[in-house]
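Heads up: the structure comes next, in structure tokens.
The values are calculated or read from the model by the stated rules, or taken from the named source; none is laboratory data. This one's a predicted model, so the numbers in the text were calculated from it and none came from an experiment. With ideal geometry, Cβ positions are generated from the backbone for all residues, glycine too; neighbour counts draw on all protein chains shown. Calculation scope for accessible area: heavy atoms of the full protein, side chains included, ligands and nucleic acids excluded. Shrake-Rupley method; radii C 1.70, N 1.55, O 1.52, S 1.80 Å.
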Amino acid sequence: EPEVTQTPSHQVTQMGQEVILRCVPISNHLYFYWYRQILGQKVEFLVSFYNNEISEKSEIFDDQFSVERPDGSNFTLKIRSTKLEDSAMYFCATTTGAETQYFGPGTRLLVL
Amino acid sequence: GQQLNQSPQSMFIQEGEDVSMNCTSSSIFNTWLWYKQDPGEGPVLLIALYKAGELTSNGRLTAQFGITRKDSFLNISASIPSDVGIYFCAGPAPSGSARQLTFGSGTQLTVLP
């Protein structure tokens, strides 16, 4: 069964460093999303991406964040200058356009 | 923003017992989704509901889309140890075209042998 994959599974970085999280969507899916889950809390929407542009973003998704799909397969989330409060699990999700979104296994980001 | 209120927050049950959890919203949802999350993993879709009143089963799991479209419940029958995890309800925001999901706060289920 096709699934969403994410790399790396874990990332430890120093505050102020840039990180890039990668996602490979399910092949026929057209809509891509990033969500964040701070430890012990619920999953929160960050950004949606369709047709090579951002469709919607939450207030969490500030100027430090960016997304792109540089090569038609990988969908990336970049955090330009990480802060301590960016420590969280980051999930990629994809869908064909239907309501049901399929989530990847996540990247655990720890900012020191 | 929209909020989904899930209850209970946590449950401790004996193996073999049935479990029920629910999710309510102050606004109408057109779709209800139930996900399960194991520790350190991403949410896995269990059941999707698309019509008010709909009752859908997936093995030992049954979920219903409330008639008012403001609530949903999930039942697990004859629980087993691998049912342990966090169960989230979720729904796409009615406004906006990109259908980002709003998640409930989750129900942490522990199954005791």
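Inside the range B:21-62, residues that are within 14 Å of chain A (Cβ to nearest Cβ), over 26 Å from A:ARG36 (Cα atoms) and open to solvent by less than 60 Å² (accessible area, probe 1.4 Å) make up a count of 2. Could you check how many residues of the range A:21-44 are surrounded by 16 or more Cβ atoms within 10 Å (Cβ to Cβ) and more than 24 Å from A:GLU99 (Cβ to Cβ)? Within the range A:21-44, residues that are surrounded by 16 or more Cβ atoms within 10 Å (Cβ to Cβ) and more than 24 Å from A:GLU99 (Cβ to Cβ) number 2.
When A:GLU59 is tested against (1) out of contact with any strand residue (DSSP E or B) (no Cβ under 7 Å at 6 or more places or on another chain); (2) away from chain B (no Cβ under 11 Å), just one condition goes unmet, and that condition is (2).
Given the condition more than 10 Å from the chain's Cα centre (by Cα), within 28 Å of B:GLY85 (Cβ to Cβ) and open to solvent by less than 40 Å² (accessible area, probe 1.4 Å), answer yes or no: does some residue in the range A:45-52 qualify? Don't jump to the end; show me each part of the working.
Taking the range A:45-52 first, the residues more than 10 Å from the chain's Cα centre (by Cα) are A:49-52.
Adding the requirement that they be within 28 Å of B:GLY85 (Cβ to Cβ) leaves none.
The answer is no; no qualifying residue exists.
When the residues of the range B:64-85 are filtered to those that are surrounded by 21 or more Cβ atoms within 10 Å (Cβ to Cβ) and within 14 Å of chain A (Cβ to nearest Cβ), the one that is nearest to the chain's Cα centre (by Cα) is B:SER72.
Note on the range A:80-110: among residues that are in contact with a Gly (Cβ under 9 Å, 6 or more places away or on another chain) and more than 17 Å from A:CYS23 (Cβ to Cβ), the one that is surrounded by the most Cβ atoms within 10 Å (Cβ to Cβ) is A:THR82.
Restricting attention to the range A:1-19, which residues are out of contact with any Cys (no Cβ under 9 Å at 6 or more places or on another chain) and open to solvent by 50 Å² or more (accessible area, probe 1.4 Å)? Even if it seems obvious, please write down each step before you answer.
If we filter the range A:1-19 for residues that are out of contact with any Cys (no Cβ under 9 Å at 6 or more places or on another chain), which is where we start, we get A:1-3, A:8-19.
The answer is A:GLU1, A:PRO2, A:GLU3, A:SER9, A:HIS10, A:GLN11, A:VAL12, A:GLN14, A:MET15, A:GLN17, A:GLU18.
What residue, of B:THR107, B:THR68, is of a type in the set (Val, Ile, Thr) and within 14 Å of B:TRP34 (Cα to Cα)? Within the list B:THR107, B:THR68, the selection yields B:THR107.
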